[in-house]
Amino acid sequence: MRREAPKSLADYTPLLFPGLMLVVFFVVPFSTMIAVSFFKRNPSGFYTPDFVIDNYARFLTAFFGGVLGFSLLLAVLVAVCCVAIAFPFTYLLTKRPRRVQTLWLVGLLSVLSLSEVIIGFAWSTLFSQTAGITNLFVAIGLMDKPVALLPTFGAVLAGMVYQALPYTILVLYPALVRLDPTLLEAARTLGASPVRAFFNVVTPALRNTIVATLIMVFVFALGSYLLPQILGRPRHWTLSVLITDQAIYQSNMPFAAAMAVFLVLISLALVGLTLLVGRKENAL
Amino acid sequence: MSGLDINAITKTFGNFTAVDKVRLNVPHGTFVCLLGPSGCGKTTLLRMIAGLEEPTSGAIVLDGDDITPLPTHKRNLGMVFQSLALFPHLSVGDNIAYALRIRGASKEEQKKRVEELLALIHLPGFADRPVAKLSGGQRQRVAIARALALSPKLFLLDEPLSALDAKLREAMQVELRQLQQRLGITTIVVTHDQREAMTMADLVVVMGHGRILQAAPPIEIYRKPADAFVADFIGITNLLPAEIDSAGRTTILGTAIPGLAMPVGVAKASVSIRPEDVHLGEAGGRAITGQVTFVRDLGGTIETFVEVGGTSIIAVATPRERPNVSVGATVGVTLPPESCVVLGP
């Protein structure tokens with residue numbers, strides 16, 4: 001089918017509705033937030049319209065900078081862990097019979113129906129000293145006595161990877177299913193062991209998919225704010241936790257807005273950088 | 001013992017037997033075509049030789065060594081896939097050098113071998129091109145060069161030319177055969193195209209329902225098909241019913257064919273005769289009388305369809321011996337007994 005460029009104004013009408021939705025539900029609230037981020041806080045009330053950059057200046061202190069750094073690091077780690085686990089898993093899943101694949105995918109979809117709160121408390125029970133998984137290890141003689149595995153950074157990471165993993169698998173699945181299986185067979189006839197062929201052929205052939213998935217999980221993990229509070233110490237709290245704290249408990253809307261804008265800008269910059277690096281490597 | 005020995009190899013998928021106790025000896029340097037309709041087990045047989053499919057029973061012996069338990073990557077073979085399976089993220093040169101890279105060959109060694117192979121497939125200077133920018137025929141050649149990079153003992157091709165258009169396919173058949181003869185490499189090609197098999201092979205193996213129906217040089221398969229299936233699958237043929245009449249003569253469609261002997265004790269059989277062996281002439285005499293129903297004049301050859309008592313006989317002639325016939329005419333069909341092959345009933 002040949003696609004023709006739209007010529008008249010009438011050709012653009014199908015775009016009208018989504019465009020309107022985008023303006024009402026994204027452009028307007030986001031612009032309001034940007035505007036509020038320059039307002040002045042009124043300690044007795046809410047905020048007064050103004051143009052100050054105090055909110056941004058305050059953000060550039062060591063404390064908030066540290067939280068931002070931690071949030072980004074956590075999101076990157078979650079993304080890398082998810083893809084590292086999900087990619088080989090999904091690859092092996094696509095080699096199984098159709099029925100087995102469907103069962104696994106239904107199971108994964110059902111995990112998506114769990115809310116973040118349920119996931120958080122389930123993991124906090126699992127990592128607890130009294131009822132946790134370590135009791136099991138003691139029972140089979142792996143440990144001497146049960147210990148609490150939370151609140152720790154590892155617990156936060158485990159919970160967030162668990163939450164993001166189904167999304168990762170569902171995004172990777174279509175690309176891996178469509179992968180030509182003879183690519184791997186060709187590598188094997190040329191003398192590559194199955195594992196080596198996987199890293200030499202399957203991974204590079206799906207590089208764009210992997211990069212896209214990394215970005216998706218990264219953005220997803222950046223917004224997480226419940227799991228760090230349930231499974232971690234205050235120093236494991238992400239920027240999203242601080243934004244909520246400022247906006248709801250400290251009633252400092254301008255500062256919360258400034259932090260949110262900053263987070264969006266940094267994420268966009270990182271995503272852009274990833275894409276840029278990806279394109280450069282492609283050109284080689 | 002030199003060459004490839006396939007020893008009673010069987011492959012079953014559940015209840016379905018894809019390959020049934022196949023035995024085949026391929027002497028070193030032979031070009032073999034596995035020929036058959038889809039689902040006859042030819043691709044499964046090739047994949048078992050490559051180690052991509054595990055046989056249910058039987059053994060594959062290469063130059064005296066049992067390679068059945070060896071995984072694919074230790075078998076020292078080159079394979080060209082139907083999809084070609086060129087690595088999309090690598091250049092032409094890197095695709096060809098992949099096997100050498102796996103073996104840890106030095107950069108210079110890889111470069112030298114790539115240049116050799118590119119010269120062999122008539123694509124010099126293509127090393128740095130991305131695979132996506134090649135034409136169908138070029139991709140085909142690159143896949144062949146990649147498979148030959150390590151000078152393997154066995155060269156396997158699975159429907160290698162099916163993606164090409166008819167003209168290019170015929171040219172590649174000749175080229176592939178010449179390449180194989182120059183290198184003297186044992187080659188096995190899976191195909192469903194009998195012309196392709198006739199062009200390239202030293203040995204054509206016709207398969208059906210997981211079994212080998214006939215394994216012989218192409219011209220022998222064409223001249224002396226083992227059964228009706230082979231006769232029908234290889235080229236165009238006339239399959240006609242033959243009977244012994246009350247006088248003890250062999251008859252075809254009610255007309256006695258002197259000189260055509262039936263096997264002892266057989267009263268009814270099928271006879272295969274190639275269209276180019278069927279002669280058309282004046283009606284009467286010893287000829288079978290029939291009516292011309294259609295004439296297809298292709299320029300190079302003329303096919304005449306003659307109906308005899310409900311059975312259609314095809315005769316092919318060259319323009320030089322042009323039979324003077326037209327649709328509706330009554331003609332005499334002569335079947336030379338030496339060209340008739342008596343098949344089973």
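Here, each number is a calculation from the coordinates, and none is a lab measurement. Keep in mind that what you see is a predicted model, and the values were worked out from it rather than measured. No Cβ is skipped: glycine too gets one built from the backbone with ideal geometry, and neighbour counts run over all protein chains shown.
Between B:LYS21 and B:THR10, B:LYS11, the built amide H atoms are under 5 Å apart, and every one of these is 5 or more places off in sequence or on another chain. Of the DSSP H helices in chain A, those with a Cα length along their own long axis of 30 Å or more and a mean Kyte-Doolittle hydropathy reaching 0.0 comprise A:62-94, A:153-178, A:253-283. Axis angle, to the nearest 10 degrees, between helix B:136-148 and the longest C-alpha principal axis of chain B: 60 degrees. Mean-square fluctuations from a GNM of chain A, with a 10 angstrom spring cutoff on Cα atoms, peak among A:ASP50, A:ASP245, A:ASP11 at A:ASP11.
Database remark: amide H of B:VAL80 closer than 5 angstrom to the amide H of B:LEU156, B:LEU157, B:ASP158 (H placed geometrically; neighbours at sequence offset of 5 or more, or on other chains; Pro and chain starts carry no H). Given R0 = 41 Å, the distance between the Cβ atoms of A:LEU73 and A:SER251 translates into a calculated FRET efficiency of 0.90.
Summed over qualifying helices (DSSP H, 4 residues or more, each -39500 (n - 2.57)) and divided by its residue number, chain A shows a 222 nm mean residue ellipticity of -20500 deg cm²/dmol.
Total lysine pairs in chain B at Cα distances under 16 Å, for residues eight or more apart or on different chains: 4.
Take every Cα-Cα pair in region B:99-244 and report what % of them are more than 19 Å apart. Within region B:99-244, distances greater than 19 Å cover 60 percent of Cα pairs.
Ignoring the sites themselves, chain A has its longest run without trypsin sites (Lys or Arg not before Pro) in a DSSP loop having at most 16 other Cβ atoms within 10 Å at A:96-284.
Inter-label distance, B:VAL341 to B:ARG223: 1.1 nm, where each label sits 7 Å from its Cα along the C-beta direction. Reported to the nearest whole Å, the Cα centre-to-centre distance from region B:187-246 to region B:112-151 is 34. The B:ARG195 and B:GLU109 beta-carbon pair, evaluated with R₀ = 60 Å, returns a calculated FRET efficiency of approximately 0.90. Residues of region B:1-22 with amide nitrogen under 12 Å from the 7 Å Cα-to-Cβ point of B:SER57? B:8-12, B:20-22, by backbone N distance to the label point.
Going through region B:1-110, which trypsin sites (Lys or Arg not before Pro) have at most 15 other Cβ atoms within 10 Å and a DSSP loop state? When the trypsin sites (Lys or Arg not before Pro) of region B:1-110 are filtered for loop state and at most 15 Cβ neighbours within 10 Å, B:ARG103 remain.
Compared with the dominant Cα axis of chain B, that is its longest principal axis, helix B:107-120 is turned about 20°. log₁₀ I(q)/I(0) of the protein assembly as shown at q = 0.06, 0.08 Å⁻¹, via Debye over equal Cα point scatterers, no solvent, to two decimals? Treating every Cα as an identical point scatterer, log10 I(q)/I(0) equals -0.58, -0.84. Springs between Cα atoms under 10 Å define the GNM used for chain A, and in it the highest mean-square fluctuation of A:GLY66, A:GLY120, A:GLY107 occurs at A:GLY107. The alpha carbons of chain B give a radius of gyration and a Dmax of 24.6, 81 Å, in that order. A Gaussian network model of chain B, with springs between Cα atoms under 10 Å, assigns the largest mean-square fluctuation among B:ALA127, B:ALA226, B:ALA105 to B:ALA105.
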